[in-house]
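K.L.:
My structure is below; once you've seen it, I'll send some questions.
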Protein chains: 2
Amino acid sequence: MGPKNSVSMKDVARLAQVSVGTVSNVINAPDRVTAPTRIRVAEAIAKLGWVPNESARQLRAGRSRSIGMVVMDISNPFFTDVVKGAEEVLYREQYSVQIGNSDQQPTRELTLLDRFEQQRVGGVLFAPVGDSAERVLALRRRGIPVVIVDRAGISSDFCSVGVDDLVGGRLAGRHLIEQGHRRLAFVGGPSTLTQVRDRRGGIELAVEQAGGDATLLAVSTPGLTLDAGVAAAGDLAALPDGERPTGVFAANDLIAIGLLQGFVTAGLRVPEDIALVGYDDIAFAAAAAVPISSVHQPRAEIGRKSAELLVAEIEAADAEQPHSHETVRFTPTLVVRRSSAGSPPRG
Amino acid sequence: MGPKNSVSMKDVARLAQVSVGTVSNVINAPDRVTAPTRIRVAEAIAKLGWVPNESARQLRAGRSRSIGMVVMDISNPFFTDVVKGAEEVLYREQYSVQIGNSDQQPTRELTLLDRFEQQRVGGVLFAPVGDSAERVLALRRRGIPVVIVDRAGISSDFCSVGVDDLVGGRLAGRHLIEQGHRRLAFVGGPSTLTQVRDRRGGIELAVEQAGGDATLLAVSTPGLTLDAGVAAAGDLAALPDGERPTGVFAANDLIAIGLLQGFVTAGLRVPEDIALVGYDDIAFAAAAAVPISSVHQPRAEIGRKSAELLVAEIEAADAEQPHSHETVRFTPTLVVRRSSAGSPPRG
DNA sequence: TTCGACCATTGAACCGTATCAATACTGGCC
DNA sequence: GGCCAGTATTGATACGGTTCAATGGTCGAA
């Protein structure tokens, strides 16, 4: 239909009666250009509505000011908060962010990394589901820095940021035990996720350390979603009263909120019949039918710190300076709310 | 540190003993290449670990398989659901998506559009906050198709997808009136947002049509967030019992959830003292302290349809075929839950 | 054997910018 | 006036692909 209205630097140069090199300087090094010419060029740019072509710029310059971010589940508020923290830093530093949602599928995760590599992004913030270690090393070999988010210290080959999930899980477990619960349950999955394994490991530790008669039932879910929680609640509710756990620790708040819904539907009261502790402390946990106790992670801070580490690594590489990888492991805290208040039912 | 390990098509061509043109064909038109050479080239690619440079490809080819998406608030589950719907379609169609979060700031919105234009994205899915009509037209003038999301039929210059917010607002208003409420309130803002104006307009309409003594109090908030809802709840709770509205319609579910929290804190019971209806019907509305009635939008469907329209427009442009813009306006429905059940307190 | 048709492959031109050595200009100073 | 130092500007080149006209080779038909 319309004319392929493609105005380039050359057109600007012609209109402003200068060379393309000068136009380039007006953009990238304005102080190298004399005021009158600078103005003439600026006017030409405005008149033609020229917008620099990022592809051409990047092709020539080699580097890119866009960074890629891969998250497991964009509809989990935990990740959107991490994303917002990262965006805040990157926006300020003049990077643009590309968010990719792997939806907990290792295949999609790899596809996203492929695309980022093809686009020669300046760096990648990566919250992995599968074991993409090899793929990530390939990225680094090409010179693309990668920071691992939400899984701290998995390897000393990268910077990484996360919380100590073992500690978090133990906090939750101890709390339930201190409240008097003896039949505990852990709900979450898949256990291919480090986060799930560690959080479960944490509550297992708490149970062992408590000694005595405390037991732990592990309920595995296909994913960390609301629906998975609802389904798991049905399974638990179906157990006879004497066998059903009285204290449940969910691998994240989405599961916890789902469990709560499911319990209510099944006629179980929280916390009177069954106590509940979640993980992440997303805003919606406090607003749930019964406010949910949760292991708090500094979500925005995780995002910010990841972005800062990534920017530092990118700039070190640009300046050909050495860079040593850093592992930042935040310590989680427990926020107690109504869902785990009071003592367990006798039974 | 490491060598700038930049392997290009030329290297592949040399190793495979063919010309770069042939390598290109292996990638883009495999059937033009004889099987033996194809294999030889494939082996060379694998051996060298070559990954095509998207910038170079795009620079030459002119088109781009990445599309930009601008949302108002990435931490609002409504938008993440829309995003997931769009991603589903675009991933299938081999496009990559860049998500930008304007955070309800017109300035950031414009910055994001600028970046997308510089990157010469293939198309843009745009959920606008401000009045960016001019900027959007500039994009189109450059040949970048734009689909307006979550604001249907604002202009016949673009495709657009959304729901009829006037109808949605009226549904909510009618429902509250039918439940016997006479002192109604609308909570939301800023009213620069079409969505907010339309939803308020809808309940105003319902109040007018109901005739009689029904009144509407409009409470303006700075944004559509949880916190804004909590704050507004404080204001409403501070009103004397006889004056306080008994039926409240929130411009979205985040506000509604915030209101609910605020009311509970202030000692007001929902729905006994004050009834509540939200908008969007996000998953968390049903899971709130009191399950919240809400005007349902087909969130994923909005995302899918937007993406489909965008792809159609892009492909029409590629094929130099005419394209006529389409406006898709879904009709919202009301989902009644406990937050608006029962009759108003006498007072 | 010769010719033409057809197909696989080649090679050069180009996309829009950054970069940098070379050049043109300026003003100050002897 | 001539020369020099210091800037402002130029123009050619490279980046890594795609594209397409031109080339070379094969095979069947005459």
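K.L.:
Is it the case that A:Q105 is at positive phi and not small (G, A, S)?
P.N.:
No.
K.L.:
Let me ask something additional. If I go through region A:4-23 residue by residue, how many of them are over 24 Å from B:E134 (Cα atoms), within 8 Å of DNA strand C (Cβ to nearest atom) and surrounded by fewer than 19 Cβ atoms within 10 Å (Cβ to Cβ)?
P.N.:
4
K.L.:
Is there any pair with a first residue in region B:33-58 that is at positive phi and a second that is within 8 Å of DNA strand D (Cβ to nearest atom) and open to solvent by less than 80 Å² (accessible area, probe 1.4 Å) whose Cβ atoms are under 7 Å apart and which are 6 or more apart or on different chains, and what are they?
P.N.:
Sorted first by the residue in region B:33-58, then by its partner, the pairs are B:G49/B:V7.
K.L.:
Working only within region B:280-322, note down all residues that are in contact with a Ser or Thr (Cβ under 6 Å, 6 or more places away or on another chain) and under 17 Å from B:L226 (Cβ atoms).
P.N.:
Selection gives B:D281, B:A285, B:V290, B:I292.
K.L.:
Which residues, counting only those in region B:41-56, are open to solvent by less than 90 Å² (accessible area, probe 1.4 Å), assigned to a helix (DSSP H, G or I) and either more than 7 Å from chain A (Cβ to nearest Cβ) or more than 10 Å from DNA strand C (Cβ to nearest atom) (or both)?
P.N.:
B:V41, B:A42, B:A44, B:I45, B:A46, B:L48, B:E54
K.L.:
For region B:108-130, what are the residues that are touching a residue at least 60 places away in the same chain (Cβ under 8 Å) and open to solvent by 30 Å² or more (accessible area, probe 1.4 Å)?
P.N.:
Within region B:108-130, B:R120 is the sole residue that qualifies.
K.L.:
I need a count of the residues in region B:57-72 that are within 16 Å of DNA strand C (Cβ to nearest atom), over 15 Å from B:V121 (Cβ atoms) and surrounded by 22 or more Cβ atoms within 10 Å (Cβ to Cβ).
P.N.:
The number of residues fulfilling the criteria is 0.
K.L.:
Now for a separate question. Quick check, is A:G153 on the phi > 0 side of the Ramachandran plot, open to solvent by 10 Å² or more (accessible area, probe 1.4 Å) and in the same structural domain as A:A237 (by TED's automatic domain parsing)?
P.N.:
No; evaluated as a whole, the condition is false for this residue.
K.L.:
For B:G262, all conditions in the list (1) assigned to a loop (DSSP other than H, G, I, E, B); (2) within 14 Å of another protein chain (Cβ to nearest Cβ) hold save one; what is the number of the exception?
P.N.:
The number of the failed condition is (1).
K.L.:
While we're here: Look through region A:30-48, keep the residues that are among the hydrophobic types (A, V, I, L, M, F, W, C) and more than 8 Å from DNA strand D (Cβ to nearest atom), and return whichever of them is farthest from B:A138 (Cα to Cα).
P.N.:
Here the answer is A:A35.
K.L.:
Take the residues of region A:222-261 that are of a type in the set (V, I, T) and surrounded by fewer than 24 Cβ atoms within 10 Å (Cβ to Cβ): which is nearest to A:P345 (Cα to Cα)?
P.N.:
Taking the candidates together, the pick is A:T246.
K.L.:
Would it be correct to say that A:R38 is more than 41 Å from the chain's Cα centre (by Cα) and part of a helix (DSSP H, G or I)?
P.N.:
yes
K.L.:
Just checking, does region A:291-312 include any residue being more than 24 Å from A:P128 (Cβ to Cβ), assigned to a helix (DSSP H, G or I) and either outside the structural domain of A:D235 (by TED's automatic domain parsing) or open to solvent by less than 60 Å² (accessible area, probe 1.4 Å) (or both)?
P.N.:
no
K.L.:
For region B:20-29, what are the residues that are at pLDDT below 95 and more than 6 Å from DNA strand D (Cβ to nearest atom)?
P.N.:
Answer for region B:20-29, where residues must be at pLDDT below 95 and more than 6 Å from DNA strand D (Cβ to nearest atom): just B:A29.
K.L.:
Tally the residues that are open to solvent by 10 Å² or more (accessible area, probe 1.4 Å) and more than 11 Å from chain A (Cβ to nearest Cβ), restricting the search to region B:73-106.
P.N.:
4
K.L.:
Please go through region A:57-69 and give me each residue that is within 16 Å of DNA strand D (Cβ to nearest atom) and either of a type in the set (K, R) or assigned to a strand (DSSP E or B) (or both), ordered by number.
P.N.:
Listed by number, the residues that qualify are A:R57, A:R60, A:R63.
To keep it simple, each residue is scored yes or no on (1) touching a strand residue (DSSP E or B) at 6+ places or on another chain (Cβ under 6 Å); (2) not β-branched (V, I, T).
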{"site": "B:P77", "(1), (2)": "no, yes"}
{"site": "B:D81", "(1), (2)": "no, yes"}
{"site": "B:K84", "(1), (2)": "no, yes"}
{"site": "B:G100", "(1), (2)": "yes, yes"}
{"site": "B:P106", "(1), (2)": "no, yes"}
{"site": "B:F116", "(1), (2)": "yes, yes"}
{"site": "B:V136", "(1), (2)": "yes, no"}
{"site": "B:R142", "(1), (2)": "no, yes"}
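K.L.:
Additional query: With the requirement that a residue be open to solvent by 10 Å² or more (accessible area, probe 1.4 Å) and either acidic (D, E) or in contact with an Asp or Glu (Cβ under 7 Å, 6 or more places away or on another chain) (or both), what does region B:262-279 give you?
P.N.:
B:E272, B:D273
The values are calculated or read from the model by the stated rules, or taken from the named source; none is laboratory data. In this text the structure is predicted, and so the values were computed from the model without any measurement. Quick reminder, even Gly has a Cβ in these numbers, built from the backbone with ideal geometry, and neighbours come from all protein chains shown. Protein only, heavy atoms only, side chains kept; ligands, DNA and RNA dropped before computing areas. Shrake-Rupley method; radii C 1.70, N 1.55, O 1.52, S 1.80 Å.
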